[in-house]
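Written below as structure tokens is the structure these notes are about.
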Amino acid sequence: MKKDEIVPDYRLDMQGEPCPYPAVNALETMKDLKKGEILEIISDCPQSINNIPADAKNHGYEVLEVDSSGPTIKYVIRK
Amino acid sequence: MNFWQNFKRDFLVKFWAPIPAVIALGILSAYYFGITGTYWAVTGEFTRWGGHILEAFGVDLSTWGYYKIMNMDGNIFTRIDGVMIIGMFAGCIAAAFWGNNVKLRMPVSSTRVYQALIGGIIAGFGARLGMGCNLASFFTGIPQFSFHAWMFTLAMILGVYLGAKFSLLPFFQSKIKLKKVSCSKELHTDKKRVNNLFKLGSIVFIAVLLWAVYLIFVQGSTKLGMAMLFGSAFGLAIAKAQICFTSAFRDIFTTGRSQMAKAIVIGMAVATIGVFSYITMGQPAKIMWAGPNAIIGGVLFGFGIVLAGGCECGWMYRAVEGQVHFWIVGIGNVIGSTLLAFVWDDLSLQLATSWPKINLLESFGNYGGLFLNYGLLVLLFILILVLEKRYLNKSINR
């Protein structure tokens, strides 16, 4: 699947929230998704770069995209 | 040209991998001790700043016992800890500006503001009661063979656990709602701003390198100059790799992730042998009282850093990234450490100064102490694995 073709089903825009809340909310949300559904998480807590992708993998989800080119980071995760 | 562009992208703009960075910090901190004679620490200097502020308001500090221990001589430009912190800030600024990671992030609610301030005060108080933060009583304290650091660390893990439970109570949870969407969110970048930030970061970084070179070669203050260089490396590494000591134990309890905690133990294992070699060559170790102060301080500190979202070392790089939350945490830390200095003379005898300073290398002999420290590090590593497994079993099988 090419990057620009990924269309998320849901978005969790956590801008302004400090860690660990973006990662905690992301995991809570993923729990309620159906298999195959895609969640996009927006976070401007830079430290989330070390926790959201790792947590997603630890819980068996697939990390489709991480865009950390700017201060606001985008994560795209599939259940 | 291509070479420069690739270098810039891979080493200056992108985040660094956190695990090698923590291990590198362990190695660097051992050399820092060998060259400057002190360990990598930040809260002591913040405490002195609080003291200078009190002096500016006309308070006479000569009767305050804590400031006598802290040695208030000179100022930020003449103390090793002071110039190291200047270097650290420069490294943090360079990392944030090179990486296009600067944005004014305002707190989303007043709850977060109080969390930052109160957490910062509790952490600042606890750190100074325990004679150090995640650095001097943990990451750089354990490799000094000071038993107080072990007491502080175990108490801190308990505090972090309590803090994580408390910070995830419904009252504190994020009110942000999930949205159903049909397209990806476009993130805008302003190329000109990115370039300007990059230049600014470079100017700050080069300026501090020149300053350090001036201190070493012109002024002849070699230790100050080297401390500044080390500081810039510490700052660059913690900010580029987003090293967060707070998250190390917290996230085992919040999401079951332990990679940072494990990396820190490996970093300390590397630092231990380096520091050991300098101590056996005659460098005096930094040993603190192994009293109830280390335990009470550790619990308070662990609770405070999790409530605040960052510790004394972490708020530095987050503050320069424009995270207003961590400006408040920083202010809280200085208030907390000053409060501790205020009550110190009433508490110190019972809680700290009447207790022995336990140096593992003296109590168990050089090699006995060395092996004991490694044994304790192995036990800490196993504790991390057990805690992680406990969380993941609970979470995934739910």
Sorted on mean Cβ neighbours within 10 Å (highest first), peptides B:299-309, B:61-71 come out as B:299-309, B:61-71
Would you please state the base-10 log of I(q)/I(0) at q = 0.15, 0.18, 0.19 1/Å for region B:1-139, with intensities from the Debye formula using one equal scatterer on every alpha carbon? -1.03, -1.28, -1.34
Partner chain Cβ atoms within 10 Å, averaged over the residues of B:253-262 - can you pull that number for me? 4
Would you mind giving the average projected area, over all directions, of the Cα convex hull of chain B in nm² with one decimal? 22.8
With charges only on Cβ, +1 for K and R and -1 for D and E, what is the dipole size of chain B about its Cα centre, in debye, rounded to 20? 1880
Using the Kirkwood radius built from alpha carbon pairs, what does the Stokes-Einstein equation give as D for the protein assembly as shown at 25 °C and 0.890 mPa s, in µm² per second? 107
Ranking of B:HIS325, B:HIS148, B:HIS52, B:HIS188 by count of other Cβ atoms within 10 Å, fewest first: B:HIS188, B:HIS52, B:HIS325, B:HIS148
By DSSP, what percent of the beta bridges with both residues in the protein assembly as shown are antiparallel, rounded to the nearest 5? 75
Let's test the formula: R0 of 41 Å, r as the Cβ-Cβ distance of B:GLN219 and B:LYS165. What FRET efficiency results, to the nearest 0.05? 0.20
Which pairs in the list A:LYS57/B:LYS394; A:LYS79/B:LYS14; B:LYS14/B:LYS192; B:LYS165/B:LYS262; B:LYS103/B:LYS177; B:LYS240/B:LYS389 are over 20 Å apart, alpha-carbon to alpha-carbon? A:LYS79/B:LYS14; B:LYS165/B:LYS262; B:LYS103/B:LYS177; B:LYS240/B:LYS389
With no solvent and one equal point scatterer per Cα, compute the Debye intensity ratio I(q)/I(0) for chain A at 0.19, 0.23, 0.25 Å⁻¹ and report its log10, rounded to two decimals. -0.71, -1.07, -1.27
With the dipole of chain B worked out from charges on the C-beta (+1 for Lys and Arg, -1 for Asp and Glu) around the Cα centre, which of B:SER167, B:LEU372, B:ALA30 lies farthest toward the positive end? B:SER167
Once every DSSP H run of n ≥ 4 in the protein assembly as shown is given -39500 (n - 2.57) and the sum is divided by its residues, what mean residue ellipticity at 222 nm do you get, rounded to the nearest 500 deg cm²/dmol? -19500 deg cm²/dmol
Student exercise, region B:1-85 dipole from Lys, Arg, Asp, Glu Cβ charges, in Debye to nearest 20: 400
Taking the Cα centre of chain A as origin, work out the dipole magnitude from +1 charges on Lys and Arg Cβ and -1 charges on Asp and Glu Cβ, in debye rounded to 20. 280
What residue among B:VAL204, B:THR153, B:ILE216 has its Cα farthest toward the positive end of the dipole of region B:141-221, where the charges are +1 on Lys, Arg and -1 on Asp, Glu, each on the Cβ? B:VAL204
Starting with the highest mean, order B:382-390, B:30-38, B:338-346 by the number of other Cβ atoms within 10 Å, averaged over the residues of each peptide. B:30-38, B:338-346, B:382-390
Using +1 at the C-beta of Lys and Arg and -1 at the C-beta of Asp and Glu, which of B:TRP49, B:MET88, B:SER62 has the Cα lying farthest in the positive direction of the dipole of region B:49-107? B:MET88
Among B:THR353, B:THR255, A:THR72, which comes first, second and so on when ranked by fewest other beta-carbon atoms within 10 Å? B:THR353, A:THR72, B:THR255
May I ask you to derive the FRET efficiency for B:ASP346 and B:TYR367 from their Cβ-Cβ distance with R0 = 60 Å, giving the value to the nearest 0.05? 0.90
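Read the figures in this text as sums done on the coordinates, not as results from a lab. These figures come from a predicted structure and were not determined experimentally. Counting neighbours? That spans all protein chains shown, and the Cβs are built from the backbone with ideal geometry, glycine included.
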